[in-house]
Amino acid sequence: MPKDGGIGAATPRREDVRFLTGNGKYTDDINVRGQAYVHFLRSDIAHAKINGIDTSEAEKMDGVIRVFTGADFEAVGSIPCGWQVTDRHGEAMQEPRHPVLAHGKVRHVGDPICAIVAETYEAARDAAEAIDLDLEELPAVVDMKEAVKDGAPKVHDELTSNLCYDWGFVEDNRAAVDEAIKNAHHVTTLELVNNRLVANPMEPRVAVGDYDRSDEEHTLYTTSQNPHVIRLLMGAFVLGIPEHKLRVVAPDVGGGFGTKIFHYAEEAFVTFAAKELNRPVKWTASRSEAFMSDAHGRDHITKIELALDKDNNFTALRTETYANMGAYLSTFAPSVPTWLHGTLMAGNYKTPLIYVNVKAVFTNTVPVDAYRGAGRPEATFQLERVVDKAARELGVDPIALRRQNFITEFPYATPVAVEYDTGDYNATMDKLTEIADLSGFEARRKESEARGKLRGLGLNCYIEACGIAPSNLVGQLGARAGLYDAATVRVNATGSISVMVGAHSHGQGHETAFPQVVADMIGIDASQIDIVHGDTARTPFGMGTYGSRSLAVCGSAMVKATEKIINKAKKIAAHLLEASDEDIELADGQFTVAGTDKSVAWGDVTLAAYVPHNYPLEDIEPGLEETAFYDPANFTYPSGAYACEVEVDPDTGKVTIERFAAADDFGNIINPMIVSGQVHGGLAQGIGQALLENCAYDEDGQILSASYMDYAMPRADDVPFYSVDHSCQTPCTHNPLGVKGCGEAGAIGSPPSVVNAVLDALNAAGHDVPHLDMPLTPSKVWDAMNKGA
Amino acid sequence: MTQVSMTVNGKAVSGDAEGRTLLVQFLRETLNLTGTHVGCDTSQCGACVVHVNGKAVKSCAIFAAEVEGAEVTTIEGMANADGSLSKVQQAFQDHHGLQCGFCTPGMVMSATALLGENPNPSEAEIRAYLEGNICRCTGYHNIVKSIMAAAGQDTSKIAAE
Ligand code: FES
Ligand code: FES
């Protein structure tokens, strides 16, 4: 049984109280004395030459302080990209300049052209209407395959083409894979689209820049998942501000899902303008603006081929993917379709030969970058769809086909350069069979049929790579940063503790879960421990929260720092107890001399550290504060098996999710309540992708889904109660907590089972539908049932 | 600018508002009640729900001047008089009905209004009622469960945690 409030306890979240009473402090709740407001005038044309900008009328208007244009940023750096991919031929990717405000050209609808700073938002917005823009419209490229054709209009005139890179992985496997596919007994081929999504955290982005002339220090308050990364990128690459003069604060953040990882132009603008104008400057995005300026997600077109031998063993896999980068390279964009996607193409299967080709393409659309799962949902979707299609083509049971090809021995080195440390894919499949009540499906199908509905069952497995990642490895792969994390454990004289962490909590409940670990290690009540995060001035340099890495990487740093604390505290206790260090045991907050009843309490030891009257000053320093940096040895590899049951209305094509079950292996678990919540949220996003969400562009590059009127967010009545289980646990072997990460699994694992379920319903009803692209809207499903009608 | 007066969370308040000042702006910027959030500009997300004369209203879709003289309750006014969480607030904490907390004030206001109208709603009724409240974090599972629990229903049979 977990100790109350310790590891494994479903402790209610302490942060909830402030959120439930309206006392959360989000960036938009921060107003700095004397602040001005900025409104960005954004392009409503996808691709145009800027022939002139006349701001004279606007600048004369009441309340307007200044209008900035691209010319004001000529001496300022480009918004940097944090990852450089090397292509099949050993060449670096093409990397265009990304100015803070558009200069010379606009390249997507939403590209900021002018920044109007005024006394109020209203004045800034009114002034925007008085700006005279002379834009010469150019032909836009939206379709990726068109964009890479010779003679296509170029998004960036200074580049040789719209091809950012042509990546092959593993290039040395290419010939062997081609050969294996040519000679295969059976090849299943599938062409599919992974639809463009918008992350849509409910809190739109906000940035407030402040500059203190007395100490020449900049402060940026921003809606970020990783304030240290923003400080690094913006300080070093864009504005040239040394770290010690730049503080980045990300207070309560209303969801991120990846899109708040990246450094955005608006952050650089408010920081720059605050000094320039000697006034704090605030920007709050509207939702429509968020649709045009937050980095989007997914948007891949893929052809995948799976080769099987006569016994249905997978023998080779080949994919070709076009990945949309949008108009500029967002912070981690190049890594998503490559290292976060290609390396996962083995999935849960022992396919011996794999070749992945990815062409990353510039188009006149909003930049695309990591969105919950980032590359891994795209890998999982292709793989689990093609396996399902193969099962249908071969007339074999889709579960049996998967099981037959499962990796069963660990550690397992895949042909795509990663080594899975642990896993048990049969165990999660067994668990799924139980919690999804798969044996009851046929009866439920009959019952649906009796009501005139088509019922389908779809399932899939997934594997993901979390806890990114060993810094020396990602450095070789092109990352321009390390990916360690850090924690400082500060023990106060009375024994209470502040843990300053590099991770950032924006819904994940770190303020509750992290203290559970420290409480368990020391044996004190978790209420004595507080987590401090989200402020570069108060926390050690950590890389933030994304890729399900907080506990696996930052949590490990916290464990290491706490171990250092315990070691030092034991020395102090030994001194107080007049015993030797090795004989001291710590349990339940008491230091005891082994085999005796001599003991001293945690609080007495911490007090001695700060009031060192009776203290081994010749051996150790006073005080009790330790920092640890932790660089992971490998990724972690959560895995699982998911099942979805749908009903399709044959008259309307409407799909209803009737049941959804998820059996995950996250390794060890700190707070099962929070873990379930993470899975639920991911499932809704995956179901959203499969049935509802799509960010559509027309051929001129107009964004057609730029509000909640035309981008279908999942609502409460679009989803069911989910059945989730994480009792299958193969602990990670290389981090001290044995944890793997759970933040993205739901979004990675759910789209294929939803699509597989709908196709099962249609095919079982006699419609021959080999594939449908997401989202499976009623009209798309109806059309599939009424082909030729 | 005109002067607008109303009662907010039981206190008489007044402040200047332009004709175009939305109630949510008045609450956030003039009264510094920042618990009410803005998540969209098309009246779709429900992050801004407050009660006006006891009814759930999207405060982004109504001008401050329109509620002249009204009784307004915001999330800051929902806790019990002794400062403890209300039944709905407590159920959200007990059942992990929130993650980032951004949609939460609107969810609590909507859920409280629902239970006022319908003290024992079914799962389907709850899901239908939340049509105008978007949450991107929770997948709604624990929100629906929290509301069922706040209504006094047994939620122990609902799948998993
Ligand atoms: S802010 Fe009012 S509905 Fe979105
Ligand atoms: S808890 Fe984050 S949007 Fe609902």
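The values are calculated or read from the model by the stated rules, or taken from the named source; none is laboratory data. All values reported here derive from a predicted model rather than from experimental measurement. Every residue, glycine among them, receives a Cβ derived from its backbone with ideal geometry; neighbour counts consider all protein chains shown.
Within the range A:704-745, if we keep just the residues that are more than 14 Å from chain B (Cβ to nearest Cβ) and of a type in the set (Val, Ile, Thr), the residue that is farthest from A:VAL559 (Cα to Cα) turns out to be A:THR730. The number of residues in the range A:763-789 that are over 29 Å from A:PHE666 (Cβ atoms) and surrounded by 24 or more Cβ atoms within 10 Å (Cβ to Cβ) comes to 1. Got at least one residue in the range A:292-301 being within 14 Å of another protein chain (Cβ to nearest Cβ), in contact (Cβ under 8 Å) with a residue 40 or more places away in the chain and within 16 Å of ligand 2 (Cβ to nearest atom)? Yes, the range A:292-301 has at least one match.
Scan the range A:129-144 for residues that are farther than 14 Å from A:THR365 by Cα and either among the hydroxyl-bearing types (Ser, Thr, Tyr) or not in a loop (DSSP other than H, G, I, E, B) (or both) and jot them down. Matches in the range A:129-144: A:ASP132, A:LEU133, A:ASP134, A:LEU135, A:GLU136, A:GLU137. Screening the range B:78-111 for residues that are away from ligand 2 (no atom under 16 Å from the Cβ) and among the hydroxyl-bearing types (Ser, Thr, Tyr) and picking the one that is farthest from B:THR138 (Cα to Cα) gives B:SER84. Does B:VAL24 meet the test of being within 15 Å of ligand 1 (Cβ to nearest atom), surrounded by 16 or more Cβ atoms within 10 Å (Cβ to Cβ) and free of Cβ contacts under 8 Å to residues at least 40 places away in the same chain? Judged against the criteria, B:VAL24 is a match. Screening the range B:35-69 for residues that are in contact with a helix residue (DSSP H, G or I) (Cβ under 9 Å, 6 or more places away or on another chain) and acidic (Asp, Glu) and picking the one that is farthest from ligand 1 (Cβ to nearest atom) gives B:GLU66. The selection criterion, being within 16 Å of ligand 2 (Cβ to nearest atom) and among the β-branched types (Val, Ile, Thr), holds for B:ILE126.
Could you list all residues from the range A:174-221 that are more than 16 Å from ligand 2 (Cβ to nearest atom), out of contact with any Pro (no Cβ under 9 Å at 6 or more places or on another chain) and closer than 30 Å to A:ALA537 by Cβ? Of everything in the range A:174-221, those that are more than 16 Å from ligand 2 (Cβ to nearest atom), out of contact with any Pro (no Cβ under 9 Å at 6 or more places or on another chain) and closer than 30 Å to A:ALA537 by Cβ turn out to be A:ALA207, A:ASP212, A:ARG213, A:SER214, A:ASP215, A:GLU216, A:GLU217, A:HIS218. Among the residues of the range A:321-369, which ones are in a loop (DSSP other than H, G, I, E, B), in contact (Cβ under 8 Å) with a residue 60 or more places away in the chain and aliphatic (A, V, I, L, M)? A:ALA327, A:LEU329, A:LEU340, A:MET345, A:ALA346, A:VAL366 - these are the residues of the range A:321-369 that are in a loop (DSSP other than H, G, I, E, B), in contact (Cβ under 8 Å) with a residue 60 or more places away in the chain and aliphatic (A, V, I, L, M). Here A:GLY766 fulfils each of the conditions (1) part of a loop (DSSP other than H, G, I, E, B); (2) without any contact (Cβ under 8 Å) to a residue 40 or more places away in the chain; (3) within 14 Å of another protein chain (Cβ to nearest Cβ) apart from (3).
Scanning the range B:57-73 for residues that are farther than 26 Å from A:ALA290 by Cα and crowded, with 22+ Cβ neighbours inside 10 Å yields B:VAL67, B:VAL72.
Taking A:PRO731, is it without any contact (Cβ under 8 Å) to a residue 40 or more places away in the chain and closer than 23 Å to A:THR380 by Cα? Here the answer is no, as A:PRO731 does not meet what is asked. Within the range B:27-46, being in a helix (DSSP H, G or I) and either within 16 Å of ligand 2 (Cβ to nearest atom) or of a type in the set (Lys, Arg) (or both) holds for one residue alone: B:ARG28.
Here A:GLY256 meets the list (1) closer than 27 Å to A:ASP178 by Cβ; (2) part of a loop (DSSP other than H, G, I, E, B) almost entirely, failing just condition (1). Taking the conditions exactly as written (within 30 Å of B:GLY15 (Cα to Cα) and either at pLDDT below 95 or assigned by TED's automatic domain parsing to the domain that holds B:GLU18 (or both)), does B:ALA160 satisfy them or not? For B:ALA160, the condition - within 30 Å of B:GLY15 (Cα to Cα) and either at pLDDT below 95 or assigned by TED's automatic domain parsing to the domain that holds B:GLU18 (or both) - is not met.
Scanning the range A:640-680 for residues that are charged (D, E, K, R) and either within 21 Å of the chain's Cα centre (by Cα) or within 14 Å of chain B (Cβ to nearest Cβ) (or both) yields A:GLU645, A:GLU658, A:ARG659, A:ASP664, A:ASP665. What are the pairs with Cβ atoms under 6 angstrom where one residue, in the range A:107-125, is in a strand (DSSP E or B) and the other, located anywhere, is of a type in the set (Lys, Arg)? Sequence gap at least six, or different chains. Close Cβ pairs satisfying both conditions: A:PRO112/A:ARG42; A:VAL117/A:ARG66.
Based on what the data block shows, is A:ASP604 in a helix (DSSP H, G or I) and not assigned by TED's automatic domain parsing to the domain that holds A:VAL781? Criteria met by A:ASP604. Pairs meeting the criteria (first residue in the range A:234-246 and more than 17 Å from A:ASP212 (Cα to Cα), second residue part of a helix (DSSP H, G or I) and not charged (D, E, K, R), beta carbons under 7 Å, at least 6 apart or on different chains) are A:MET234/A:ALA268; A:MET234/A:THR271; A:VAL238/A:ALA268. Out of the residues in the range A:238-264 that are more than 17 Å from A:ALA537 (Cβ to Cβ) and surrounded by fewer than 22 Cβ atoms within 10 Å (Cβ to Cβ), which is farthest from the other protein chains (Cβ to nearest Cβ)? Taking the candidates together, the pick is A:GLY240.
Do the conditions hold for B:VAL24, that is, is it within 16 Å of ligand 2 (Cβ to nearest atom) and within 13 Å of chain A (Cβ to nearest Cβ)? It is false that B:VAL24 is within 16 Å of ligand 2 (Cβ to nearest atom) and within 13 Å of chain A (Cβ to nearest Cβ).
Among the residues of the range A:372-400, those that are surrounded by 20 or more Cβ atoms within 10 Å (Cβ to Cβ), on the phi < 0 side of the Ramachandran plot and not charged (D, E, K, R) comprise A:PRO377, A:ALA379, A:THR380, A:PHE381, A:GLN382, A:LEU383, A:VAL386, A:VAL387, A:ALA390, A:PRO398. Residues in the range B:47-68 that are away from ligand 2 (no atom under 16 Å from the Cβ) and touching a His at 6+ places or on another chain (Cβ under 9 Å): B:VAL57 only. Where residues in the range B:95-117 are farther than 19 Å from A:PRO12 by Cα and within 16 Å of ligand 1 (Cβ to nearest atom), which of them is surrounded by the fewest Cβ atoms within 10 Å (Cβ to Cβ)? Checking each candidate, the answer is B:ALA113.
Considering every residue within the range A:535-550, establish whether at least one is more than 30 Å from A:ALA333 (Cβ to Cβ), touching a Leu at 6+ places or on another chain (Cβ under 7 Å) and surrounded by 19 or more Cβ atoms within 10 Å (Cβ to Cβ). No, the range A:535-550 contains no residue that is more than 30 Å from A:ALA333 (Cβ to Cβ), touching a Leu at 6+ places or on another chain (Cβ under 7 Å) and surrounded by 19 or more Cβ atoms within 10 Å (Cβ to Cβ).
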